[in-house]
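Right, one structure below, let's go through it.
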Amino acid sequence: MKNGLISFCLIMMILGIGTVSAAEYDVSLLNQNPDPAKAGEMLDIRFMVENTGGYSANNIEFELVPAYPFMSVPGEDYVRTVSLSPYQTGSDAVNLKYTVRIDKDAIKGVNEIELKRTDPNGVSVTESYDIDVSGSEFAQILYIDKAILVPGNETPLKFTLTNVGTSPLQNVVFSWNEGNGAILPVYSDDTKYIPYVDVGESVVLEYKVVADINADPGLYQIDLSLEYETAEGTGEMNTKAGIFIGGETDFDVTFSESSNGQLSLSVSNVGNNPALSVTVRIPQQDEFTVSGSSSSIIGNLDRGDYTIVSFTVSSSNFAVPDIGMNQSMTRFPRNMDAAMNTTRSFNGNELEVLIEYTDTTGARHVLEKTVPVELTGSVSTTTASGVASYRQNSNSGYYMYGIYAAMIIVVVIAYKKRKAIMAKVKKTR
C-alpha cells in the first residue's frame, strides 16, 4: 500500500512536470500598420500567439511595454490574458492588437518594442520586436528678411528654409509668386533648386526683387511652394506670407523767399511713398529766432508733390552798426543816413528744419534738414526809435549850439562897443 502511494505521487509529479513543459509558446510579430510607422502618427501592432505543445496553457498574461519613440494612447489596454488549447496554431492562434503613437521627433530607423509574458506561476519573460519607423518630412519657411519693399527700389529678398522634420529632404524645389505682379524677381526667375537638406539644416534662398513704382501702398500676399523627395516618395508644402509695399519717404527743403521778416520754404516729397500728417518745425537754434508759431501743419503730401510754408524768422546775429549814440554831443555821427536805412540782408546762414511725418506703415519719423537762407528784414522798432531819438537829441544839440554862439557873439559885440566908448572918453579928457 505504501509503495503504491509513492508510485502514484511520482506519476502525478511526472504528469505535472510534463504539463508545464508541454505548453510551448510561440509569439511572433504578425504585422504593423502603417509600415513603416510615421513619426507623429498612430501605429497598430499585431502579435500572433501559438501553443505548439500538447497541453493547455491557461491565464497567460501578455503586456506591451511602450518606450520612446512609442507612446501609450490614453484609454488603450496594454495587458491581455490569453488561454490556449493544445496545438492551437495557425489560423486558430490568438492575435493580440495594440495601438501606440509614434513620437513626433522620432528618428527614421528600426526601433524595438517590448512584449512581456507572465505565466500563472509568476514567471515573466520579455521579448523585443523590431518596428520600422520613418521620420517626419516637414520643411518650414522660418524667416523672410524683408517685410517692407520701397516701390521702384531694387531690394534683396531672402527666404530661410529649415528642415524641421526628422527625415532628410532631397531634390527640393522652392518657388514663390505674387498674383498681382506688383512684386517681381530680377536677374532670375522665382524658382530655386536645393539638392539636399538634412534634418535641422537651414538653407538661405536669395532673390533680387523690385516692387512696382505704381503699386498702391499696402500688404501683398505671396504664395510659397515647396516640393521635395523622401525615401518613401514625394512631398509638397504650400503656404503664404505677406510683404508690405510702402514705408518711408524723403523730403527736399529749399529756401523760397524772405520779405519783411517772413521766411518761406519749399517742401517737396522726393521719395516714392506718400507722407501722412506732415509737420514742418523750426527748432530752437543759436543763429535764428522765430516769432509766433515755430511749426506748420501741412497734412498729407503725395510723392512728387510740394508746398510752401512760411515763418516769421529773424537772425539772432544781426546788430545795428555803431552810429555814435553814446558819443559826446560835440561829435556828430557820420553814419546816420546808413543807420536809418531800414532794410538789410543777412547772407550765408543755415537754418535747421525738422520734417515730421507718418509713413504708409503707420510709423512716425523725424527728418532733419539744413537749409541755406537769405533773410531780408526791417530794423526792429526798438532800434529804429533809438535812431530817431538820437536824431531828435541831435537836433536839440544843434539848437543849443546856436544859442551859445549867439550869446558869445552878443558878448563880444558888447565888449567891443564898451572898449570903443572907453577910448573916446579918454581922448576927451
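Numerical summary
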{"quantity": "Top-ranked residue of region 103-115 - restricted to ones that are surrounded by 15 or more Cβ atoms within 10 Å (Cβ to Cβ) and either among the basic types (Lys, Arg) or modelled with pLDDT of 90 or more (or both), ranked as nearest to ALA67 (Cα to Cα)", "calculated": "ILE113"}
{"quantity": "Options LEU205, LEU226; residue that is within 30 Å of GLY271 (Cα to Cα) and among the hydrophobic types (A, V, I, L, M, F, W, C)", "calculated": "LEU205"}
{"quantity": "Filter result for LEU265 (within 23 Å of THR155 (Cα to Cα) and either part of a strand (DSSP E or B) or basic (Lys, Arg) (or both))", "calculated": "no"}
{"quantity": "Residue within region 357-364 that is under 42 Å from the mean Cα position of the chain (by Cα), at pLDDT 95 or above and surrounded by 13 or more Cβ atoms within 10 Å (Cβ to Cβ) present", "calculated": "yes"}
{"quantity": "Odd one out for PHE251, checked against (1) in contact (Cβ under 8 Å) with a residue 24 or more places away in the chain; (2) over 30 Å from THR312 (Cα atoms)", "calculated": "(2)"}
{"quantity": "Boolean, THR162 is polar (S, T, N, Q) and at pLDDT 90 or above", "calculated": "no"}
{"quantity": "Counted residues, region 46-66 - those being within 18 Å of ASP35 (Cβ to Cβ) and exposed (fewer than 15 other Cβ atoms within 10 Å of the Cβ)", "calculated": "1"}
{"quantity": "Residue, farthest from the chain's Cα centre (by Cα), within region 238-261, restricted to residues that are modelled with pLDDT under 85 and either assigned by TED's automatic domain parsing to the domain that holds ALA182 or not in a strand (DSSP E or B) (or both)", "calculated": "ASN260"}
{"quantity": "Yes/no for LYS97 being within 20 Å of GLY40 (Cα to Cα) and at pLDDT below 90", "calculated": "no"}
{"quantity": "Flag for ASP44 being within 21 Å of GLU127 (Cβ to Cβ) and at pLDDT 90 or above", "calculated": "yes"}
{"quantity": "Qualifying positions in region 249-279 - under 15 Å from ASP359 (Cα atoms), crowded, with 18+ Cβ neighbours inside 10 Å and not polar (S, T, N, Q)", "calculated": "PHE251, GLY271, PRO274, ALA275, VAL278"}
{"quantity": "Counted residues, region 67-87 - those being crowded, with 18+ Cβ neighbours inside 10 Å and either under 60 Å from the mean Cα position of the chain (by Cα) or outside any strand (DSSP E or B) (or both)", "calculated": "2"}
{"quantity": "Set GLU114, GLU178: member being closer than 30 Å to SER56 by Cβ and either in contact with a Leu (Cβ under 7 Å, 6 or more places away or on another chain) or acidic (Asp, Glu) (or both)", "calculated": "GLU114"}
{"quantity": "Total residues in region 288-313, condition within 17 Å of PHE251 (Cα to Cα), of a type in the set (Val, Ile, Thr) and either free of Cβ contacts under 8 Å to residues at least 40 places away in the same chain or surrounded by 13 or more Cβ atoms within 10 Å (Cβ to Cβ) (or both)", "calculated": "4"}
{"quantity": "Residue list for region 180-203, restricted to those being surrounded by 12 or more Cβ atoms within 10 Å (Cβ to Cβ) and assigned to a strand (DSSP E or B)", "calculated": "ILE183, LEU184, PRO185, THR191, LYS192, ILE194, TYR196, VAL197, SER202, VAL203"}
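The values are calculated or read from the model by the stated rules, or taken from the named source; none is laboratory data. Quick caveat, the model's predicted, so the values are computed rather than measured. Here the Cβ is made from the backbone with ideal geometry for all residues, glycine too, and neighbour counts use every protein chain on show.
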